[in-house]
């Protein structure tokens, strides 16, 4: 199997820290060298201690599920002889208390919309099958406890 790495780097700077008035902004550095700004969600930690224009852990998890599904979907579309021009997903995650009483994602809904090229465009049944296969193959969705639904749009 494969192993993956990512580094999360945070620094206190000159904040007192013990007064709970420190920045929750951090950097995420991936093994290929790409770095993105991260922060606690403003829904959990109010500004100025969170950074609204940075990716929060909840958004990163949601994006991971969406991206994994998309990558499998476009591969299965190619295998089926379809030509996909564009794929866009308006994914949404809902958090709440799970069956253990812990705050967690309780549902993730993917809402992919596809633009196809050429005459060989999947009908509704073929589109459902492509999404089903992608969902079954998605490593990230297979790693989660919450339900992941796919609501494909034309």
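The values are calculated or read from the model by the stated rules, or taken from the named source; none is laboratory data. Not measured: the values here are computed from a predicted model. Reconstructed Cβ throughout: ideal geometry from the backbone, glycine too, with neighbour counts over all protein chains shown.
Of the residues 6, 25, which single one is crowded, with 17+ Cβ neighbours inside 10 Å and not assigned by TED's automatic domain parsing to the domain that holds residue 143?
Details: 6 fails: crowded, with 17+ Cβ neighbours inside 10 Å.
Just one listed residue meets the conditions, 25.
Within region 96-154, the set of residues being in a loop (DSSP other than H, G, I, E, B), farther than 18 Å from residue 71 by Cβ and under 14 Å from the mean Cα position of the chain (by Cα) comprises 146 only. For region 44-62, the set of residues classified as buried (at least 16 other Cβ atoms within 10 Å of the Cβ), touching a strand residue (DSSP E or B) at 6+ places or on another chain (Cβ under 9 Å) and over 15 Å from residue 8 (Cα atoms) consists of 51, 62, listed by residue number.
Entry remark, region 18-69: residues being in a strand (DSSP E or B) and farther than 30 Å from residue 130 by Cβ number 7 in total.
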